[in-house]
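Since the structure comes first, as structure tokens, the remarks are kept for the end.
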Amino acid sequence: MFLRTSSAVAALALLAACGDVSPAPSGETIECAIGAGTDFASVCTLERVAGKQEIILHHPDGGFRRMTYVPATGTLAPLDGADPLVLEEGEGVVQFALGANRYRIPRGAQQDPAPTPTP
């Protein structure tokens with residue numbers, strides 16, 4: 001009986017310790033509209049995956065979308081879901097929707113920049 005009680009207390013303590021302590025994602029702040037009917041705001045983060053043609057779009061609530069750049073077509077493709085990418089009109093940016101969420105990223109941001117040669 002003591003073992004079950006102490007195990008339950010230990011499990012609760014571990015769950016309490018798992019609060020929102022993860023660091024904010026590193027990257028460039030971009031505009032996004034998360035959810036149907038919301039306005040664009042600069043609250044999402046664009047993280048480039050080093051060495052790959054991939055980006056991760058982080059939402060302020062901890063959600064994210066992974067995307068890959070397809071050089072053959074010059075387009076982005078989602079990696080983590082069934083929602084298709086729908087391009088929208090955007091001046092000076094790449095604007096697109098994935099489901100009810102919309103994003104604006106700088107042109108060329110989806111491509112991994114060329115590595116800098118080391119001396």
Whether any residue in region 45-56 is free of Cβ contacts under 8 Å to residues at least 12 places away in the same chain, part of a strand (DSSP E or B) and surrounded by 15 or more Cβ atoms within 10 Å (Cβ to Cβ) is what I want to check.
no
So how many residues does region 57-89 have that are within 13 Å of the chain's Cα centre (by Cα), part of a loop (DSSP other than H, G, I, E, B) and free of Cβ contacts under 8 Å to residues at least 40 places away in the same chain?
6
Going by the structure shown, is Asp39 in a loop (DSSP other than H, G, I, E, B) and either modelled with pLDDT of 95 or more or at positive phi (or both)?
yes
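The values are calculated or read from the model by the stated rules, or taken from the named source; none is laboratory data. Source: prediction; values computed, not measured. In this analysis, Cβ positions are derived from the backbone assuming ideal geometry, glycine residues included, and neighbour counts consider all displayed protein chains.
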